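In what follows, a single structure is set out as structure tokens and then discussed.
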Amino acid sequence: MIRKLLKFRAFVLKTASALSWVPQTAARLALGWVFVQSGWGKLHNLENVIGYFDSLGIPAPHLQAPFVAGVELVGGVLILAGLFTRVVSVPLAITMVVALLTAKREEITSAGELYGSVEFLYLLGFGYLAAFGAGLLSLDEALVRKLVPPDAAEPASGSSKAARRAPAIRHGGS
């Protein structure tokens, strides 16, 4: 019975490892799409966004609104493509921190409300992408494979060759 459980466990670990690129890619595509739409919408409604930023007390709203719109649009496109994902996740995460501290500040009165807010979830998503990269189905990974020698490359997914082999090594290769 124990042997069957161990075989099943090894199968689950092997399958999960083989599919580990799916959640990373899905998170990247979802975040990229949302921010392409958000940036596009802001750029095409700039006067209203400037007025909204002004009402929030954001300094220089006439400069900040087009800047944020551009960051969201260009950042969203880059995230969607998986290009420079770790770098571009940082300014997008900062926009979410600013949104939480300005637009959502009065709405968030407890940790539960913070953790359940869309902006906080986006912030976590950008943190994930900044830490772990774009994943295997990305331009980041394609560039690494093309430009960096195989023995020196760390995949855009953020996992080293040793880490990818670790489950097989720990479980005797089964």
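The values are calculated or read from the model by the stated rules, or taken from the named source; none is laboratory data. No experiment lies behind these values; they were computed from the predicted model shown. Please note: Cβ atoms are built from the backbone with ideal geometry, for glycine as well, and neighbour counts cover all protein chains shown.
Looking at the range 1-64, the helices (runs of 4 or more DSSP H) lying wholly inside it that each contain 2 or more residues that are free of Cβ contacts under 8 Å to residues at least 40 places away in the same chain and farther than 30 Å from Phe132 by Cβ sit at 2-18, 46-55.
Please go through the range 26-68 and pick out each residue that is more than 18 Å from Ala99 (Cα to Cα) and either modelled with pLDDT under 95 or among the small types (Gly, Ala, Ser) (or both). Within the range 26-68, Ala26, Ala27, Ala30 meet the criteria.
One residue stands out among those in the range 91-113 that are touching a Gly at 6+ places or on another chain (Cβ under 8 Å) and in a helix (DSSP H, G or I): the one that is nearest to Gly76 (Cα to Cα), which is Leu92.
Taking the criterion of being buried (at least 17 other Cβ atoms within 10 Å of the Cβ) and farther than 17 Å from Phe132 by Cα, the residues of the range 78-97 that qualify are Thr95, Met96. Could you list, in sequence order, the residues of the range 1-16 that are surrounded by 10 or more Cβ atoms within 10 Å (Cβ to Cβ) and of a type in the set (D, E, K, R)? Lys7, Arg9, Lys14, listed by residue number. Arg86 meets all of the listed conditions (1) under 14 Å from Gly125 (Cβ atoms); (2) out of contact with any Asp or Glu (no Cβ under 9 Å at 6 or more places or on another chain); (3) at pLDDT 95 or above but one, namely (2). Residues that are outside any helix (DSSP H, G or I), in contact with a Leu (Cβ under 8 Å, 6 or more places away or on another chain) and buried (at least 18 other Cβ atoms within 10 Å of the Cβ) within the range 114-142 comprise Ala134, Ser138, listed in sequence order. Residues in the range 1-39 that are farther than 15 Å from Phe126 by Cα and small (Gly, Ala, Ser): Ala10, Ala16, Ser17, Ala18, Ser20, Ser38, Gly39.
Scanning the range 17-56 for residues that are surrounded by fewer than 19 Cβ atoms within 10 Å (Cβ to Cβ) and either touching a Cys at 6+ places or on another chain (Cβ under 6 Å) or charged (D, E, K, R) (or both) yields a total of 2.
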